[in-house]
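Quick notes on the structure that follows.
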Amino acid sequence: SVLYAVEATQSSGSSGINAEYGGADGADGPTGDAGDDGDDGEDGEYGDMGEDGEKGPDGEDGGCGCTIPEKQCKMCDMHLVTRHSQTDSVPECPEGFASLWSGYSLVFLEGNGHTVEQELGSPGSCLEEFQTVPMMQCSGDEACRHGLRTDKAFWLATDGSPDMTEKPMNNLDDMIPRISRCNVCGGPSMVLARHSFTAEAPECPEDFHEIWTGYSYLMGTSSADSGSGQELASAGSCLENFHIPTFIECLGRGTCAFYINNIDYWLAQNQETTQPGMWGMGNVYDGIAA
């Protein structure tokens, strides 16, 4: 006889005999660690476009984007008028006008024998500061000089009957009360002066109204060819006070005084006369036009 020997083998489960020989299955082993995430898949294709939605309801009307301003006046231009009080108080602007600035009433300037006038109806005749002579002389030697002997300034005065023998004033506290104050006013109305050639104030033209009445001032002169005139249609030719002299003279050396050689010219009343020509030549009379 032949004898065969067979070796037993270990199963993958617990230590037991292979099932072929009738052994029991071993217990499950522990779960292994999770593996790494896989790569992202490719993007899918776009889907078909959906159908258009229904139209929404109409919105409410919006408000107006701007406000239309009311028309204030027929003429939008600004008209200027300068008023001189011939006192040491600033005059008020006419009705409907607003003050732009106030100052001191300058009539004209004289330098080296030449005159620069300031029409009294213009803003240039109302300087915001007072100086005896508000200018300086600059020459070709690149030097400027202030207060030269030949420089003069003529200011509208406040005093209607000054003492002509009074010594020149050299103190500002004495000078300033003698200088007329003024006001530059702006408004929507054009200003026009009318002269009657009588002792009565003339009536205003149609569509115009009175803002003040006064006396018809024509011009003032000083020594040599120095002087200043007024446009007779301008408010500067209608001064509210009749003063003799009308202006005071200030010199470059810093003094101010009234001088007898400073002369004023006023429009005269039209005297009744049967003989045309130069009536009343050399006579003194009180016929000042309004």
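The values are calculated or read from the model by the stated rules, or taken from the named source; none is laboratory data. Remember, it's a predicted structure, so these values are computed and weren't measured experimentally. Neighbour counts run over all protein chains shown; Cβ positions are idealised from the backbone, glycine included. Each accessible area value is taken on the protein alone, full model and side chains, heavy atoms only, with ligands, DNA and RNA left out. Shrake-Rupley method; radii C 1.70, N 1.55, O 1.52, S 1.80 Å.
Of Ile211, Ile176, all but one fail to be in contact (Cβ under 8 Å) with a residue 40 or more places away in the chain, within 19 Å of Pro94 (Cβ to Cβ) and of a type in the set (A, V, I, L, M); the exception is Ile211.
Got a sec? Which of Val191, Val184 is modelled with pLDDT of 90 or more, part of a strand (DSSP E or B) and either open to solvent by 20 Å² or more (accessible area, probe 1.4 Å) or closer than 30 Å to Leu148 by Cβ (or both)?
Within the list Val191, Val184, the selection yields Val184.
Of all residues in region 222-238, those that are open to solvent by 30 Å² or more (accessible area, probe 1.4 Å), more than 28 Å from the chain's Cα centre (by Cα) and not hydrophobic (A, V, I, L, M, F, W, C) total 2.
Please determine, by comparing only the residues of region 93-118 that are among the acidic types (Asp, Glu) and surrounded by 13 or more Cβ atoms within 10 Å (Cβ to Cβ), which one is nearest to Trp212 (Cα to Cα). So the residue we want is Glu117. Among the numbered conditions (1) modelled with pLDDT of 85 or more; (2) exposed (fewer than 11 other Cβ atoms within 10 Å of the Cβ), the only one that Thr67 does not meet is (1).
Within region 160-176, one or more residues are under 18 Å from Asn241 (Cα atoms), assigned to a loop (DSSP other than H, G, I, E, B) and open to solvent by less than 50 Å² (accessible area, probe 1.4 Å). Quick one: in region 119-159, which of the residues that are among the basic types (Lys, Arg) and surrounded by 11 or more Cβ atoms within 10 Å (Cβ to Cβ) is farthest from Val90 (Cα to Cα)? By that ranking, first place goes to Arg145. Count of region 131-158 residues, restricted to those that are in a loop (DSSP other than H, G, I, E, B) and either of a type in the set (S, T, N, Q) or in contact with a helix residue (DSSP H, G or I) (Cβ under 6 Å, 6 or more places away or on another chain) (or both), is 5.
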